[in-house]
Each structure stands twice: as structure tokens, then as C-alpha cells.
Amino acid sequence: MSKDSYGYPGAPASAGSFGQDASSSGSILQAAAEMLAAEPYTTVTLERIAAIVHVPIENLEMWFPTMHALGAAVLDYERECMQRTQREADQRTSDPIERLLYVFRSIGADLANDVVVRAGVRLADESRQHFPERRLDPFAVWRDSVFRQLDEAKDMGLLHDRVNLDETVWLIVAAGMGTKDLLASRKRLD
């Protein structure tokens, strides 16, 4: 069994398999995500997660030997969800404005309904220094994605020529990031 293979439900297509143990690794990922969505990465430990899922620490470490490995699994899951949404948007329509709306709605639904996605977004936003091997900059990723869609829309004549792309992109991305933060704070308050 490879230490870098993750057999959790919803794992990226390239993830390995743990056979009968997949449900346990999935429950570990779920419990870790619930913690990581609610508190800083540096406060979450494998020992706390093992206690919550009632798994001996040695068993947990077979799937996720370090908090870094577990955090990486959460980030992989979140990235795959985002990429899947992009692919679905591309398949649904050639209209870049409709694609943009679809992506925002779908990711909003993922954030509302999938704690692993919420945890991945929080990790990418707040804990990038703990994952130096990854280029984690959610604002830049969204800015570039929204810019591409709006630039294509402008080229297709779907946006007025006087629309300032840089300002419009900034406004859309800032609104999206603000909405994400508002939803996260409401979840913590509820």
C-alpha cells in the first residue's frame, strides 16, 4: 500500500484504493474536514481526529501518516471538485457568461453541502505556507478564471466594449470571496 494513495470516497480518479478500508479512510477525511473547516490547520492533530473517529492512531497513520498528508488529501479533493465543475461548465454551454454563472452556482452548492470542499477552500486560503509544494492562491485562481470567461465573452460581443475587464473581474471575485467568507462565518455562528 502506497503512503501517498488515498482510497477515500470522492478521491481524485488517480487515487489509490484501500479495499475494505476505504470507508474508514473516508470517515477520517470527513472528520478531519469538519475540524479543518472550523478551526486553523495548526490546531488540528492526528490524535484528535483518531479520537473522534475511534480509530487507533496507528491505523489512522496507515492512511494519513502526517497532518500534511491529510491536508494534502483535503486539498486534492477540493481541487478535483473545482476541476470537475469547470469540465461540466465547458460541456454544458459555449457561452462564457453562462459557464461563469454555472461555475459560481455549482461551487456555491459544493461549499454549502460538502464539508471537505469547505475545508479545502479554507486550507488553500489560510494555510498555504504549510503546503509550499503547492501554488495556493485562491484569489489569483478565481481572478484568472473569471478574466478568461469575460475576455471570451467580450470577444464574442456578449459584453459591451466599454466594460473594463480588470475592474469587473475584481468586483466579481471580491464578491465571491466575500460571500464565501460570510457563509463560513455563518456556519461557525449557527
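The values are calculated or read from the model by the stated rules, or taken from the named source; none is laboratory data. Worth saying up front: this structure is predicted, and the values here are computed from it rather than measured. Cβ coordinates were reconstructed from backbone atoms using ideal geometry, including for glycine residues, and neighbour counts include every protein chain displayed. Note: areas computed on protein heavy atoms with side chains; ligands, DNA, RNA excluded. Shrake-Rupley method; radii C 1.70, N 1.55, O 1.52, S 1.80 Å.
Ignoring ligands, DNA and RNA, what percent of the 1.4 Å accessible area of the stretch 71-190 is carbon and sulfur? Provide the component values of the computation, followed by the final result.
Working: 3610 of 7040 Å².
Heavy-atom surface of the stretch 71-190 belonging to carbon and sulfur, 1.4 Å probe: 51 percent.
For the stretch 77-160, give the magnitude of the charge dipole about the Cα centre (Cβ charges: +1 Lys/Arg, -1 Asp/Glu; no others), in debye to the nearest 20. Before the final figure, lay out each step's value.
Details: 14 positive and 16 negative charges, 26 e Å.
Magnitude of the dipole: close to 120 debye.
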From the backbone phi of the stretch 129-138, what are the Karplus-calculated ³J(HN,Hα) couplings (6.51 cos²θ - 1.76 cosθ + 1.60, θ = phi - 60°) in whole Hz, Gly and Pro given as x?
5, 7, 10, x, 6, 10, 8, 9, 8, x
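Multiplying the sequence separation of residue 154 and residue 168 by 0.36 nm and subtracting their Cα-Cα distance, what value in nm do you get?
Working: separation 14, 0.36 × 14 = 5.04 nm, distance 1.19 nm.
Roughly 3.8 nm would be gained on extension.
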Which whole-Hz couplings ³J(HN,Hα) result when phi for each residue of the stretch 29-38 is put into the Karplus expression 6.51 cos²θ - 1.76 cosθ + 1.60, θ = phi - 60°, listed in order with x for Gly and Pro?
4, 4, 5, 5, 4, 4, 5, 5, 6, 9
Amide H to amide H, which residues 5 or more places from residue 159 or on other chains are under 5 Å from it, using H placed in the peptide plane?
154
